[in-house]
Amino acid sequence: MKKKVTIRDVARQAGVSVTTVSQILNGKGQRFSKRTREHVLELRDKLNYVPDFNARNLILHSSQTIGVLVPSMSNSFFSSFIQGVQDKCRTREIMPLVFGANHDEKLERYYLTQLVARSVDGLIIASSTITTKTIDEILRPAHLPYVLFDQNGSRGGDRLEVDDYQGGRLAALHLASLGHRHVVMVMPNDATTNVHQRLAGFVSGLEEHHISFVPDRDVVSAKLTKRGGYEATKAVLERQPTAVFAANDEIAIGLMRGFKEQGVKVPDDISVMGYDGIDFDEYVTPALTTVQQPTHQIGAAAVQMLFKRIDNSAIELQRVFLPVQLISRQSTAKLK
Ligand code: RIB
């Protein structure tokens, strides 16, 4: 087997020390002449030198990785979020290690412990099952920087938030403007704080238009999945609403299939709107009206916050608040 080219080989051929090569290759070689820097870089390419990350990490005191824990990998809301994470990570040659454990608390704790043991530089956590207690037990003792967002409602720490209250309000105002007065909302009965914010905003928007909405009567329970929405079809139709607001797009898409099977036409018989703005929305028939979260931006902003905390653990607690917007498509229409 061909012997792996080491940093010593590059240094020997360049006629400089290993430290000089290391500093130049790590972008810290400004004190060396332009000629030396160019020569080292040329030799790196000529010899096909690939740095040994373990050695490099020991010098930099960094694993150049971050951990990302999301509730579900199958929901394209989170894939788009992860793209934002990746794009931002690339700007610093950081590798994100992404895990989704489908709300399995044991599995999430396992991933978290493994990430800490592998010395990731920091963590972004969206999962609700990583509680304040888990953070206090696992992350704080390891002095590991972290950013919380979305379904994770733990106290303390840097947090990125989306204006879910306004999102719910926008949904209500949109349905009210189309003349709907009998609406239901579909959401999990063990909903996380961000979804409760959507409900609170929805109720307030309806109140502005004097539309009666009693959560105990007008909220139908469903998981945040297509299956959850599909299975909620009967319970929604029993309430005979003219419009339904789903807590996320997956529920809305599941409902649309359920309605079709029951011979209920969207939007002629019932208007449907979702929340998130996933890419499927434009490809279902009719295209789904939704409240768009800035998903890619959320990923990039969460990484940016984490970098700031990694660079300086003493900065003030960070709070970033991002807006949402209504995207009106064909699944909602004026009440006939
Ligand atoms: O679709 C996934 C949902 O879970 C999104 O609404 C996101 O905000 C999260 O809460």
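Bear in mind that the values in this text are calculations on the coordinates, not laboratory data. A quick note: this is a predicted structure, and the numbers were derived from the prediction, not measured. Every residue, glycine among them, receives a Cβ derived from its backbone with ideal geometry; neighbour counts consider all protein chains shown.
The charge dipole of the chain, taken about its Cα centre with unit charges on the Cβ of Lys, Arg, Asp and Glu (plus for the first two, minus for the last two), comes to roughly 1540 debye. For LYS265, the lysines whose Cα falls under 24 Å of its own Cα, not counting residues fewer than eight places away in the same chain, are LYS223, LYS226, LYS234, LYS334, LYS336. Note that segment 156-170 has calculated 3J(HN,Hα) couplings of x, x, 5, 9, 10, 10, 10, 6, 5, 4, 4, x, x, 4, 4 Hz, one per residue in order, obtained from phi through the Karplus relation 6.51 cos²θ - 1.76 cosθ + 1.60 (θ = phi - 60°); glycine and proline are x.
With the gyration tensor restricted to C-alpha atoms of the chain, the semi-axes of the equivalent ellipsoid amount to 50, 20, 17 Å, longest first. Amide hydrogen proximity for VAL68: with H placed 1.01 Å from N in the peptide plane, the residues at 5 or more positions away or on another chain lying under 5 Å are LEU97, VAL98, PHE99, ILE124.
Farthest toward the positive end of the dipole of segment 18-147, out of PHE53, LEU41, GLY100, is the Cα of LEU41, where the dipole comes from beta carbon charges about the Cα centre.
Applying a DSSP loop filter and a limit of 14 other Cβ atoms within 10 Å to the trypsin sites (Lys or Arg not before Pro) in segment 165-242 leaves ARG239. Measuring between their Cα centroids, segment 229-292 and segment 152-200 lie 16 Å from each other. A Cβ-based charge dipole, computed about the Cα centre of segment 1-88 with Lys and Arg at +1 and Asp and Glu at -1, lands at about 440 debye. Other residues whose C-beta falls under 13 angstrom from the C-beta of LYS46 contribute a net charge of -3, scoring Lys and Arg +1 and Asp and Glu -1.
Note on the chain: helix-only mean residue ellipticity at 222 nm, from DSSP H runs of 4+ residues weighted -39500 (n - 2.57) and normalised by residue number, equals -12500 deg cm²/dmol. Of the GluC sites (Glu not before Pro) in segment 20-124, the ones in a loop by DSSP (not H, G, I, E or B) with at most 10 other beta carbons within 10 Å are GLU93.
The HN-Hα couplings worked out from phi for segment 325-333 by the Karplus form 6.51 cos²θ - 1.76 cosθ + 1.60 (θ = phi - 60°) are 9, 7, 10, 8, 10, 8, 7, 10, 8 Hz, whole numbers, x standing for Gly and Pro. Per residue, the convex hull around the alpha carbon atoms of segment 203-321 comes to 140 Å³. Footprinting exposure proxy ranking of GLU282, GLU231, fewest other C-beta atoms within 10 angstrom first, gives GLU282, GLU231. Cross-link partners of LYS34 among lysines, defined as those whose alpha carbon lies under 26 angstrom from its own and excluding same-chain residues fewer than eight positions apart: LYS46. Where both residues lie in the chain, what percent of DSSP beta bridges are antiparallel, nearest 5? Here the share of antiparallel DSSP bridges comes out near 10 percent.
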